[in-house]
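A.B. asks: Next up is a structure, given as structure tokens.
The values are calculated or read from the model by the stated rules, or taken from the named source; none is laboratory data. Fair warning: this is a prediction, and the values are worked out from it, not measured in the lab. For neighbour counting, all protein chains shown are included, and Cβ atoms are generated from backbone atoms with ideal geometry for every residue, glycine included. These accessible areas exclude ligands, DNA and RNA; they are computed on the full protein's heavy atoms, side chains included. Shrake-Rupley method; radii C 1.70, N 1.55, O 1.52, S 1.80 Å.
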Amino acid sequence: RIAVAAHRKGVASFCFDWALRQCPNLRIDTHRGNVVMRRMLEKHGFTHRGVIHLENGDPRVAYEKLL
């Protein structure tokens, strides 16, 4: 999970960069209404892969990045 206060710019980017150095294939999902996270994922080169559903049936928008 990534939760960053608005005044801490760059923290989410740092987390993505670190994670991609650890693993060259990342999949991330988020709520449809989480526009900030969706923009951040697209900015970092993640590709929209569709909608997945959690075990309880809740939908999530899925992204993936392959290096």
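A.B. asks: Trypsin sites (Lys or Arg not before Pro), restricted to segment 28-65: which are DSSP loop and have at most 13 other Cβ atoms within 10 Å? Let's see the in-between values first.
C.D. replies: Values: sites: 32, 38, 39, 43, 49, 60, 65; in loops: 32.
Loop-located and lightly packed - 32.
A.B. asks: Multiply the residue separation of residue 22 and residue 48 by 0.36 nm, subtract the distance between their alpha-carbon atoms, and state the gained length in nm to one decimal.
C.D. replies: Details: separation 26, 0.36 × 26 = 9.36 nm, distance 2.13 nm.
Length difference between fully extended and current span is 7.2 nm.
A.B. asks: What part of the accessible area of the chain, given as a whole %, is carbon or sulfur when the probe is 1.4 angstrom? Walk me through the intermediate numbers first.
C.D. replies: Working: 2750 of 5160 Å².
Accessible surface attributable to carbon and sulfur in the chain totals 53 percent.
A.B. asks: Here is a follow-up. Enter the accessible area per residue of the chain (Å², integer; probe 1.4 Å; all protein chains in place).
C.D. replies: 77 Å²
A.B. asks: Which whole-number percent is the relative contact order of the chain (Cα, under 8 Å, 6+ apart)?
C.D. replies: On the way: 73 pairs, mean separation 22.4, N = 67.
Dividing the mean separation by the residue count of the chain yields 33 percent.
A.B. asks: Same structure again: Please give the helix 11-22 orientation as an angle from the longest Cα principal axis of the chain, in degrees from 0 to 90, rounded to the nearest 10.
C.D. replies: For 11-22 against the chain, the angle is about 80 degrees.
A.B. asks: Cβ neighbours within 10 Å, averaged per peptide: list 51-59, 13-21 in order, most packed at the top. Could the numbers behind the result be given before it?
C.D. replies: On the way: 51-59: 8.8, 13-21: 12.8.
Going by the mean number of other Cβ atoms within 10 Å, highest first, we get 13-21, 51-59.
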